[in-house]
1. Give me the distance in nm between label points sitting 7 Å out from Cα along the Cα-to-Cβ direction at residue 84 and residue 29, one decimal.
2. Using the beta-carbon distance between residue 49 and residue 72 and R0 = 22 Å, what value does 1/(1 + (r/R0)^6) give for FRET efficiency, to the nearest 0.05?
3. May I ask you to compute the full-extension gain from residue 41 to residue 5, defined as 0.36 nm times their residue separation minus their alpha-carbon distance, rounded to one decimal in nm?
4. Compute the acute angle (0 to 90°) between the alpha-carbon long axis of helix 13-24 and the principal axis of greatest extent of the alpha-carbon atoms of the chain; round to the nearest 10°.
5. Here are labelled values, (1) -0.82; (2) -0.71; (3) -1.09, and one is the computed log10 I(q)/I(0) by the Debye sum over Cα atoms at q = 0.16 Å⁻¹ for what I pasted. Which one?
6. If one takes the longest principal axis of the Cα atoms in the chain, at what angle in degrees, from 0 to 90 and to the nearest 10, does the Cα axis of helix 76-85 lie?
7. As a test of the formula, what do you get for the chain when each DSSP H run with n ≥ 4 contributes -39,500 (n - 2.57) and the sum is divided by the residue count, at 222 nm and rounded to the nearest 500 deg cm²/dmol?
8. Which GluC sites (Glu not before Pro) does segment 1-82 hold that lie in a coil by DSSP with at most 15 other beta carbons within 10 Å?
Amino acid sequence: MATILVYEKPGCSSNTRQKQLLRAAGATLDVRNLLTEAWTSARLLEFFAGKPVTDWFNRNAPDIKSGAVNPAAMDADSALNAMLANPLLIRRPLIAAGTFRCSGFDWPALAGQLCLPIPVENTISGNTPDLEACK
């Protein structure tokens, strides 16, 4: 399996759980800091393809929780500009493997795209834990 590039917020407990699950499924990770990466609009857009603008955002970002940023009122250009100015707004993790790119952590979809086994404990009830919620 190719190495999976994971852009995370260092110290985030959700990102830690996500990385543990990827590694447990046999993935090799190259982990990078989402907040210090030199992003461009075009490069960020690759991770959001096919998703509505509101789904590009980290719903737990302080500026979103406070109402200072309203993703529903933004078009793609204004959303990307806001994220370049404040990377905490970016829904994480950002994941890249080969030509595959995604934002957020939808484990069943991600496991399917990357051909990773889904651990039995996550399939018994038909549910997977919320691996995006900050705890």
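1. 2.9
2. Working: r = 20 Å, r/R0 = 0.90.
According to the calculation, E is roughly 0.65.
3. 11.1 nm
4. 40
5. Entry (1).
6. Between helix and principal axis, roughly 90 degrees.
7. Mean residue ellipticity at 222 nm (helix-derived): -8500 deg cm²/dmol.
8. Details: sites: 8, 37, 46; in loops: 37.
Here the GluC sites (Glu not before Pro) that fit, given the DSSP loop and packing criteria, are 37.
Bear in mind that the values in this text are calculations on the coordinates, not laboratory data. Keep in mind it's a predicted model, so treat the numbers as computed, not measured. Because the Cβ atoms are built from the backbone with ideal geometry, glycine has one as well, and the counts that use them run over all protein chains shown.
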